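Some notes on the structure that comes next.
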Amino acid sequence: MEATTPPTPAARRRPNARGQGERLREEIVAAAMRMLDDLADDEALSLRAVAREVSIAATSVYLHFPDRDALVLAVLRRCHEELVRAGDEADAAHEDPGARLRARILAQAAWAHEHPGLYKVLHESAVHRRLGMPFKEVLVARTTEAVQRCMDAGVAPRDDAATVAIDLRTAVNGMLSQRINEPDLHWPPAEEQIDRFLTKLVGLPPRAG
């Protein structure tokens, strides 16, 4: 009797019912997110590997994403959305403007700690350099608004909120990226470092203790 070839993962997957194409797209993005968090390098991702992870044929990926850059960009957009949501939820838990800004930045740091590979790709990816990420303006705007509230409430000195927000984001993003790229250095607690940024760059009073 002629030997039969075992079914491939793509062959074992039942096709999506009509109208479920968006669900498959979400599965592809979710799989790419998991893989990029492990790889920490968008250039190391392949659409064929993503297809195997989702148990579909590679051609099915191309129905939703024409190339790797398009898929990576979708992942980066999702990462940005998660960062915005985490910051908004942390911000909403406080009333004092200074505490709200601090909670927002700490939420970003917590997300980076939980997803170091994705954070690295978000800030260092080749796709970022080639295509840009205009959707990141939302996160910049949120930080600027939080800084402006501190100034309006008198808990931070008057200044150009946009400039201060950029300085703060540069310091925080640099600190988080360095921690990811150089994990063996003797880093001080991230919370303490962020508090120093908030005092030196925004002008918030030092935290007691």
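The values are calculated or read from the model by the stated rules, or taken from the named source; none is laboratory data. What you see is a predicted model, and the numbers here were worked out from it, not measured in a lab. All Cβ positions, glycine included, derive from the backbone under ideal geometry; neighbour counts span all protein chains shown. Side chains are part of the model used for accessible areas, which takes the heavy atoms of the whole protein and leaves out ligands, DNA and RNA. Shrake-Rupley method; radii C 1.70, N 1.55, O 1.52, S 1.80 Å.
Below is a table of values for the structure above.
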item: Residue count for the stretch 120-150, restricted to those that are assigned to a loop (DSSP other than H, G, I, E, B) and touching a residue at least 60 places away in the same chain (Cβ under 8 Å); result: 2
item: Index of the failed condition, GLU43 passing every other in (1) buried (at least 17 other Cβ atoms within 10 Å of the Cβ); (2) in a helix (DSSP H, G or I); result: (1)
item: Leading residue by the ranking (farthest from ARG207 (Cα to Cα)) among those in the stretch 78-105 that are basic (Lys, Arg) and surrounded by 15 or more Cβ atoms within 10 Å (Cβ to Cβ); result: ARG78
item: Positions within the stretch 158-209 being under 13 Å from PRO97 (Cβ atoms) and either polar (S, T, N, Q) or open to solvent by 20 Å² or more (accessible area, probe 1.4 Å) (or both), in sequence order; result: GLY203, PRO205
item: Residue in the stretch 151-159 that is more than 24 Å from LEU71 (Cβ to Cβ) and not in a loop (DSSP other than H, G, I, E, B) present; result: yes
item: The stretch 98-129, residues that are hydroxyl-bearing (Ser, Thr, Tyr) and farther than 22 Å from ALA165 by Cα; result: SER125
